[in-house]
1. What relative contact order, as a whole-number percentage, does the chain give when Cα pairs under 8 Å and 6 or more residues apart are counted?
2. Among residues other than residue 294 whose Cβ falls under 11 Å from its Cβ, what is the net charge (Lys/Arg +1, Asp/Glu -1)?
3. Take the solvent-accessible surface of the protein heavy atoms, probe 1.4 Å, and return the percent of it on the chain that carbon and sulfur atoms account for.
4. Exposed loop GluC sites (Glu not before Pro) only (DSSP loop, at most 11 other Cβ atoms within 10 Å): please give the longest stretch of the chain free of them, not including the sites.
5. Trypsin sites (Lys or Arg not before Pro) within the stretch 291-357: which are DSSP loop residues with at most 15 other Cβ atoms inside 10 Å?
6. Sum up the charges of everything whose Cβ sits under 13 Å from the Cβ of residue 353, counting Lys and Arg as +1 and Asp and Glu as -1, but leave residue 353 out.
7. Would you work out which of 299, 252, 265 lies farthest towards the positive end of the dipole of the stretch 236-319, given +1 charges on the beta-carbon of Lys and Arg and -1 on that of Asp and Glu, about the Cα centre?
8. Using just the helices of the chain, give the 222 nm mean residue ellipticity in deg cm²/dmol: DSSP H runs with n ≥ 4 each add -39,500 (n - 2.57), and the total is spread over all residues, rounded to 500.
Amino acid sequence: MYLDKSIKEINELLKSKTIKPIDLVEEAFENIEKNKELNAYITLNKEEAIAKAKELENKEVDNLLFGLPIAVKDNIVTKGLRTTCASHILDNFIPIYNATVVEKIISKNMIIIGKANMDEFAMGSSSRTSYFGAPKNPWNKEKISGGSSGGSATTIAARDLLFALGTDTGGSIRQPAAYTGIVGMKPTYGRVSRYGLVAFASSLDQIGPMTRNVYDNALLLNVIVGKDPKDLTSSSKEVEDFTRLIGEDIKGMKIAVPNYFMSDIVNDDIKDKIKDTIRLLEDAGATVDYIDMKYLENAVTLYQIIAMGEASSNLARFDGIRYGHPKENPKDIEDLYLSTRAEGFGKEVKRRIMVGSYLLSGDNAKIYYNKALSIRDDMKQEFTNVFEKYDLIIGPTTTTTAYNLSDSMDDPLKSFMDDVLVIPVNMAGLPAISIPVGFGTDNMPVGLHIIGNSFEEAKIYKLASFIEDKLKLDLNPFGGEK
């Protein structure tokens, strides 16, 4: 199977005309069909993808990503291709423009296979809030794949294709990456344009790459970064090659492990795998210190206030007039608004809008939201202080391995606590990656979380690639068979 080969091998086959882009596209759709019970996609782009592949047959293969299929999370707008945010309110929305990241991957002649399943409006940590049903974990179909980028994680872990785009507001790339045994990177806030990303919490949202390995991840990040005049929060930081440090020796690196990340909130199974990795790093000449960090235990509370406040503001636009699934023959404008939102939004989205509206109402904005922003600044400064002494911070990505799809969703706090270890990174706007480092006693993947200082993604990839190379894990959930 071509899509089981390395990206360099595939590129050589394309250059030599041994294979054509259509072979990769057809294989991707065959894989997706075989794995359709995993429910990784909301909308497939089969007709357009095949047409694009045939169009590329006579073009020069001018980059490593040429002709390769890619999945796009369904909250990133794609011109002419349905974009639902996994919500009933947008189940007939066809965008008239592309997100900036979509334009960038198209410029490299990548081929969009379809729109990946997710939590509704990216609100959740299991992808079970999707109007279209939850994606399943390829390692165990009774388990969640994580959220909110669960569909993107599932299709990569299932080996349908090599590349997917996800989004991360409070761990939504890294947490599903850990649950499914893939590589997921949340770049520095502002590294990647948010233009065309349907907003959840604007000060936290970030698009990032999800792949099977570290090198491919860095390669895709190379493509999607850069200043965008359409996004005033995008950074003017010079574009760099994120693969440049991959393969370098890690001897002399100084690495911190916050004690909170290895406390009783984390399953012993997972802590054991992280300790094994720490010993690996020390044997290679890196220094690893356990440290205390302030504010980490406050991250979930801050996230709830900031994310839900911003969500209530951002989702006000979905009123059934400009966007959305309007009620037919409403009595009046108020009936249109109420009915559209009542019928269109799911339970979790409604809850967050209601709480967010309360948090931003009157004096509450000062009492809660502004105070949360102030503490978030303190948390960011705490990270800055640590990076004055250390190159990177590591710990587990999640407190447990993936849990059952059948587990109750009645506890509204659980979806936030699932992301307790990854949320601080969004609060501070820092880059971080999750890479697989083994399996728990339940045979489900365990993820290592590597956090870097702002705009130091290349350093993260350096350590991640070293660990990946040393562990050489077998990450095929089907045991060598599709």
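1. Values: 1115 pairs, mean separation 84.6, N = 482.
Value for the chain: 18 percent.
2. Details: positive: none; negative: 292, 297, 378, 382.
Neighbourhood net charge equals -4.
3. Working: 8850 of 18640 Å².
Carbon plus sulfur share of accessible area: 47 percent.
4. 61-237
5. Values: sites: 294, 317, 322, 327, 331, 341, 347, 350, 351, 352; in loops: 294, 322, 327, 331.
Those satisfying the criteria are 294, 322, 331.
6. Details: positive: 317, 341, 347, 350, 351, 352; negative: 120, 310, 319, 348.
Net local charge, residue 353 excluded: +2.
7. 299
8. Working: 15 runs with 166 residues, N = 482.
For the chain, the value works out to -10500 deg cm²/dmol.
The values are calculated or read from the model by the stated rules, or taken from the named source; none is laboratory data. Quick caveat: nothing in here was measured; it's all calculated off a predicted structure. When we count neighbours, we look across all protein chains shown, and the Cβ atoms used for this are built from the backbone with ideal geometry, even at glycine. Remember, those area values only see protein heavy atoms, side chains included, never the ligands or the DNA or RNA. Shrake-Rupley method; radii C 1.70, N 1.55, O 1.52, S 1.80 Å.
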